[in-house]
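The values are calculated or read from the model by the stated rules, or taken from the named source; none is laboratory data. Everything numeric in this text was worked out from a predicted model, so none of it was measured. Don't worry about glycine lacking a Cβ; one is built from the backbone with ideal geometry, like all the others, and counts go over all protein chains shown.
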Amino acid sequence: MPGYIVKDEKTKNPVLLDLRELDIKYRIPVSRIEKFYQALDQGIIMGTKCPVCGARFFPPQAWCSDCGYSGEMEFYPLDTHGHLMTFTKIFAKPKSFSSFGDYTVGIAHLDKEDLNILAWIDESIQKPEVGMETVIKVEKRKEDGATVYFIASP
Ligand SMILES: [Zn+2]
């Protein structure tokens, strides 16, 4: 196995430093949450709601983990107004984002939905602060053209 035993800088414990590169391609079945991606292309962020117990989910779930209902979930557009709960700047990026500049991710609480959403923080927020008002906006990411949602300034 290609690799070396080195001392971890923080803990000084021996760790195996594996020099192989790891590429991962995801194939995630989305047939029951495809509406989420269709709406995202229209600029709308959808959550799912259980028609039996009313539990709401984001990211959308294809079944209800609260009551166990496994039939069709209801899709509804989220009210994305809320506030920033936490954030951090990413300097050490995963390989899939290695060609991107440094970026900031955060968790926003959507007040009316009582849901949290993890996303990159948009350029409209130059100095993120915990508690600041936010909305979620959908855009094409400039680096790769993917349709993604960002935490943004209202
Ligand atoms: Zn339910």
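Observations on the model:
- Residue in segment 54-89 that is farthest from the ligand (Cβ to nearest atom), counting only those that are assigned to a strand (DSSP E or B) and under 20 Å from residue 147 (Cα atoms): 77
- Positions within segment 34-53 being over 12 Å from residue 76 (Cα atoms) and within 16 Å of the ligand (Cβ to nearest atom), in sequence order: 52, 53
- Residue match in segment 31-47 (condition: out of contact with any Phe, Trp or Tyr (no Cβ under 8 Å at 6 or more places or on another chain), hydroxyl-bearing (Ser, Thr, Tyr) and not assigned by TED's automatic domain parsing to the domain that holds residue 141): yes
- Candidate set from segment 1-33 (those that are among the hydrophobic types (A, V, I, L, M, F, W, C) and within 24 Å of the chain's Cα centre (by Cα)); member that is farthest from the ligand (Cβ to nearest atom): 22
- Options 44, 125, 107; residue that is over 22 Å from residue 28 (Cα atoms), in a loop (DSSP other than H, G, I, E, B) and out of contact with any helix residue (DSSP H, G or I) (no Cβ under 6 Å at 6 or more places or on another chain): 125
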